Amino acid sequence: MKLGIDVGGTHTDAVILRNDGKLLSWKKQLTSSDIISSIELAAKEVLSEAGIAPHQIDGVFVGTTHVQNALYQPVNLSKTALVRITKKPSLVEPAVLWPNQIKKYIEKVYHLKSFYDYTGTMSETTTPSHDEIKQICIDIEKNKIESICIVGVYSPLYEAEEIYIWESIKSHLPEISITMSHEIASIGFIERENATLLNAIFSKVIRQAMIDLSVLCKKLLLNCPCWITQNDGSLMEIQEAIDYPIFTIGSGVTNSFRGASILSGLKECIVVDFGGSTIDIGKILNGQPEASLGSTSIFSIDVNMQVPKMYSLPYGGGSLISVKKESVQINETIVSDLEQQGISWGGNTWTLTDSFLKVYPGSFSDEKMTSKGLSKLSTEACQKVINKVTGEIKEKINRLELKSEGFPVVLVGGGSSLLVDRLFGKYKKVYHPAGHHISNAIGACFAPLSAKTDKVFWLNDRTKQEVIEDETESLFQQLLDKGAKSESIELVSIEEFPFDYLKGEVLRIRLKALGDLEFG
Amino acid sequence: MSWQIKKQDIPFLAIGAKMIACGGGGNTKTIQSLLLSIMKDDDVITVKTMSDIDDEWIVGIGMMGSTILYDENIPSGEEGDQALKVYESIVQRRVDALISVEIGGINALAPLVTAVQNHLPVVDGDSMGRAFPELYMTTFYLNQIPLTPLVLQTHDVSEVIQGIHDIQIAAEKTKDFIATNGGYVHFVGFGAKARKMKTSMIPGSLKLIYRLGMAIKKDISIDQKMEEMLAVFGNSLYGKPHEIIRGEVTDVSKWFEQESLIGKFTVEGNSSFLNKWVEIEFKNEFIAIKEKQYICTIPDLILVLDEESLAPYSVSEIQEGLSVIIFAVPAPSIIRTKDMLAIIGPHNFDLAVPSKLLQGDCHHEAWN
């Protein structure tokens with residue numbers, strides 16, 4: 001049996017699934033400010049409703065949008081020091097194009113000299129002196145720095161310098177959280193530094209919740225492994241989530257896409273997740289959520305790490321509608337509780353959901369709803385809202401789908417009922433599976449284990465094929481160690497990035513392997 | 001008339017330089033960050049146009065080698081300045097102005113860094129009109145401006161190449177130095193008097209990338225952006241851009257050969273281009289468009305732009321599923337001369353194309 005939990009900005013959902021995928025029970029709770037009490041409540045309820053004893057649960061699977069939300073409402077961020085290891089201190093300042101409300105957390109920048117050449121030979125045999133590092137540590141303490149970020153030139157090729165500095169700082173400041181860039185992203189100094197800085201600045205955001213989570217599992221007698229889902233939709237352990245919060249930034253959305261694939265039984269589809277504050281549109285290929293390639297951006301900060309490939313519309317079911325100078329606007333402001341404030345529930349706030357219900361009253365109903373207030377709304381204005389929403393969704397679907405594919409569309413999320421029969425005529429298959437409102441929690445339960453590498457290799461004594469074989473073998477071993485079924489393990493992608501204008505054979509290789517969890 | 005570059009203009013120049021690079025020239029993000037870091041809000045770089053220069057000593061300045069390593073082993077930001085000082089001590093004269101050798105990519109912005117640091121003016125022009133992979137693929141070379149003395153500068157080493165008149169040999173020496181010294185270098189070379197420089201360069205190319213960047217970064221509709229972009233090219237030495245296709249990238253194949261990223265991809269047309277498809281070939285830059293037969297080849301410019309924002313794509317960013325608009329832009333006639341075509345024509349990029357196609361003036365009829 002699996003316990004799936006999705007911690008969203010407004011709601012926390014929990015589900016119990018049999019290992020064959022059958023849904024036994026589900027519960028929804030408002031997300032509490034400490035996260036953990038809503039998880040506890042939802043987990044207890046869902047266990048008791050299914051009549052399942054804690055020891056029957058084989059695994060707990062948690063997805064969360066918490067770190068992503070913290071980008072938009074910066075709370076609990078850490079004062080961070082950046083340690084750059086470069087050939088020479090560069091005039092290129094860190095975080096040049098960052099929004100100020102996050103940039104201000106970069107408190108100090110220190111420079112250490114790198115002794116590596118790009119061929120991996122040390123140009124000098126010395127390393128940064130202990131005194132130098134000790135001075136930095138004293139300064140860090142004096143400035144009450146909470147988190148440290150180490151970014152070394154060439155670290156995707158040779159991580160030794162970053163590890164050496166990490167060890168030295170740890171010996172002085174054993175408690176402080178330190179992020180090393182080679183563990184976060186690949187070649188491209190500035191974008192890797194951006195991603196690593198973000199991880200360091202966000203190091204506190206889910207730390208407490210994750211620590212509480214392992215305590216909670218013990219308290220609820222859930223003695224099974226507990227997993228967190230990450231950006232690419234695969235699983236990581238609680239400690240990994242504590243160390244690499246930035247890897248959970250796309251966790252919620254990826255789970256929802258995977259859940260849509262599971263619920264609809266489709267291995268190839270476009271998914272539209274109609275939520276309260278955003279509408280996210282992504283693609284499932286071979287049963288896996290598609291990931292972005294190359295650089296991408298988080299909150300308009302360029303980073304070179306993998307996140308789900310998707311389009312996010314900046315509004316959802318709870319968005320406020322207003323009419324200004326005869327033109328209808330969908331605002332980015334969201335009602336705090338649609339079922340209190342929405343006109344369809346007797347409130348007086350005109351939302352995106354109300355616009356759909358005015359024109360298509362039968363889209364969905366619950367006992368608390370009333371159509372009284374809707375008569376005041378202009379049908380024409382509501383139709384304009386609907387046209388804008390469906391038009392933009394269709395446009396994003398078109399951009400995601402290759403012409404030859406002709407994929408069906410799966411609608412999930414709390415607002416998805418509004419879209420049924422509204423999006424396309426007969427020419428496209430649209431699914432709206434049962435369980436669409438809990439696809440995040442369900443998707444989390446089916447997340448695979450993953451192992452990946454993204455490194456730069458110097459092909460001196462080995463061929464490219466040999467490098468790939470060696471790395472693949474080590475990835476497969478990692479998956480077995482994490483508990484994957486050996487027959488399920490496969491290499492799912494091999495990407496090569498050659499270096500131009502350079503004599504000699506140097507190659508960046510990115511490999512990823514997946515495997516399913518072995519149960520009982 | 002001279003004009004000025006301020007700090008807020010840098011992002012426009014960066015995006016314009018990427019567009020005119022036709023997929024090559026390196027990512028302009030690192031050097032953009034460098035410029036934004038060193039420029040104060042009230043800093044001003046003076047740009048001298050062809051009519052403003054007369055007796056000055058002008059040198060080319062830029063970087064060479066692996067742009068990927070440039071983005072990883074980031075420059076200190078002082079290399080250009082150091083190379084300039086070494087250069088001045090060798091030629092025993094002060095440099096009065098700097099010029100870009102290559103207006104496509106990183107090298108469009110490289111002179112600005114050293115210009116800010118030394119309060120020097122830059123010249124509105126370059127010697128490629130786009131991006132090319134070799135130092136000899138320049139109007140400077142064709143007009144007998146000597147490459148040497150050439151100063152190469154890494155983070156901590158400088159090397160001077162002089163007394164070599166054969167540009168191929170000098171370039172080979174440069175590449176050997178690069179391979180053993182970090183994979184990329186900053187350089188100062190192609191020094192000449194303004195009188196010589198202004199008849200050897202492609203004038204106005206810095207202003208062109210600035211205006212291109214302005215056009216596509218403006219908060220206006222895609223159709224308006226397109227109109228502005230066409231107007232910018234219309235008012236330049238480049239020919240009128242022709243929209244080749246709008247559609248989706250499919251079938252990408254890339255491989256690596258002789259220090260170059262080589263490959264091709266297909267674009268399948270949509271909307272008004274339904275049932276049409278073209279193949280784009282690349283070798284570091286986009287070098288040819290094929291529709292049954294070749295319809296556009298290097299040195300004419302091939303722009304692969306995002307359908308939604310008109311933001312340019314580089315060769316390494318091309319992947320299946322992108323929605324793109326492709327334009328072909330006739331190169332300035334300065335680089336379409338017979339002499340120039342001998343060094344930058346299709347055969348220099350291993351393209352087996354009958355040379356008569358090169359002479360095609362991109363007449364609109366030819367595209368349909």
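Summary table below
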item	result
Any hit, segment B:40-47, residues being hydroxyl-bearing (Ser, Thr, Tyr) and surrounded by 23 or more Cβ atoms within 10 Å (Cβ to Cβ)	no
All positions within segment A:462-509 that are under 30 Å from residue B:134 (Cα atoms), at pLDDT 80 or above and open to solvent by less than 60 Å² (accessible area, probe 1.4 Å)	A:509
Neighbours by Cβ (under 6 Å, 6+ apart or cross-chain): first from segment B:29-47, within 7 Å of chain A (Cβ to nearest Cβ); second open to solvent by less than 50 Å² (accessible area, probe 1.4 Å) and not aliphatic (A, V, I, L, M)	B:30/B:71; B:34/B:77
Qualifying position, being under 23 Å from residue A:284 (Cβ atoms) and among the small types (Gly, Ala, Ser), among A:371, A:355, A:417, A:375	A:417
Contacts under 7 angstrom Cβ, first residue in segment A:127-150 being open to solvent by 60 Å² or more (accessible area, probe 1.4 Å), partner aromatic (Phe, Trp, Tyr), 6 or more apart	A:127/A:115; A:127/A:164
Checklist (1) touching a strand residue (DSSP E or B) at 6+ places or on another chain (Cβ under 8 Å); (2) within 14 Å of chain A (Cβ to nearest Cβ); (3) within 19 Å of residue B:157 (Cα to Cα) applied to residue B:86, failing item	(2)
Segment A:394-426: number of residues that are among the polar types (S, T, N, Q), farther than 21 Å from residue A:259 by Cα and away from every other protein chain (no Cβ under 14 Å)	0
Positions within segment A:235-253 being part of a loop (DSSP other than H, G, I, E, B) and modelled with pLDDT of 90 or more, in sequence order	A:244
Test set (1) more than 11 Å from every other protein chain (Cβ to nearest Cβ); (2) more than 17 Å from the chain's Cα centre (by Cα) - residue B:13 fails condition number	(2)
Verdict on residue A:178 being crowded, with 19+ Cβ neighbours inside 10 Å, part of a helix (DSSP H, G or I) and not aromatic (Phe, Trp, Tyr)	no
Check on residue A:228, aliphatic (A, V, I, L, M), assigned by TED's automatic domain parsing to the domain that holds residue A:68, under 17 Å from the mean Cα position of the chain (by Cα) and in a strand (DSSP E or B)	yes
Identity of the residue in segment A:278-297, surrounded by fewer than 22 Cβ atoms within 10 Å (Cβ to Cβ) and among the small types (Gly, Ala, Ser), that ends up farthest from the other protein chains (Cβ to nearest Cβ)	A:287
Test result for residue A:273, acidic (Asp, Glu), under 18 Å from the mean Cα position of the chain (by Cα), part of a loop (DSSP other than H, G, I, E, B) and buried (at least 20 other Cβ atoms within 10 Å of the Cβ)	no
Conditions (1) without any contact (Cβ under 8 Å) to a residue 60 or more places away in the chain; (2) more than 14 Å from chain B (Cβ to nearest Cβ); (3) not in a helix (DSSP H, G or I): number failed by residue A:109	(2)
Some residue of segment A:209-220 being among the hydrophobic types (A, V, I, L, M, F, W, C), free of Cβ contacts under 8 Å to residues at least 12 places away in the same chain and either outside the structural domain of residue A:91 (by TED's automatic domain parsing) or open to solvent by 30 Å² or more (accessible area, probe 1.4 Å) (or both)	yes
Test: residue in segment A:11-23 that is modelled with pLDDT of 90 or more, surrounded by fewer than 19 Cβ atoms within 10 Å (Cβ to Cβ) and part of a strand (DSSP E or B)	yes
Residue B:141, sole failed condition from (1) open to solvent by 50 Å² or more (accessible area, probe 1.4 Å); (2) away from chain A (no Cβ under 14 Å); (3) touching a residue at least 12 places away in the same chain (Cβ under 8 Å); (4) more than 19 Å from the chain's Cα centre (by Cα)	(4)
Of residues in segment B:279-326 being assigned to a loop (DSSP other than H, G, I, E, B), under 22 Å from residue B:209 (Cα atoms) and among the small types (Gly, Ala, Ser), the one nearest to the other protein chains (Cβ to nearest Cβ)	B:314
Segment A:94-106 - residue that is in a loop (DSSP other than H, G, I, E, B) and buried (at least 16 other Cβ atoms within 10 Å of the Cβ) and, of those, farthest from the other protein chains (Cβ to nearest Cβ)	A:105
Count of residues meeting criterion [under 23 Å from residue B:259 (Cα atoms), open to solvent by 60 Å² or more (accessible area, probe 1.4 Å) and within 14 Å of chain A (Cβ to nearest Cβ)] in segment B:147-192	4
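The values are calculated or read from the model by the stated rules, or taken from the named source; none is laboratory data. Since the model is a prediction, treat every value here as computed from it, not as a measurement. Heads up, the Cβs are rebuilt from the backbone with ideal geometry, glycines too, and the neighbour counts pull from every protein chain shown. Ligands, DNA and RNA are excluded from the accessible area calculation, which covers all protein heavy atoms including side chains. Shrake-Rupley method; radii C 1.70, N 1.55, O 1.52, S 1.80 Å.
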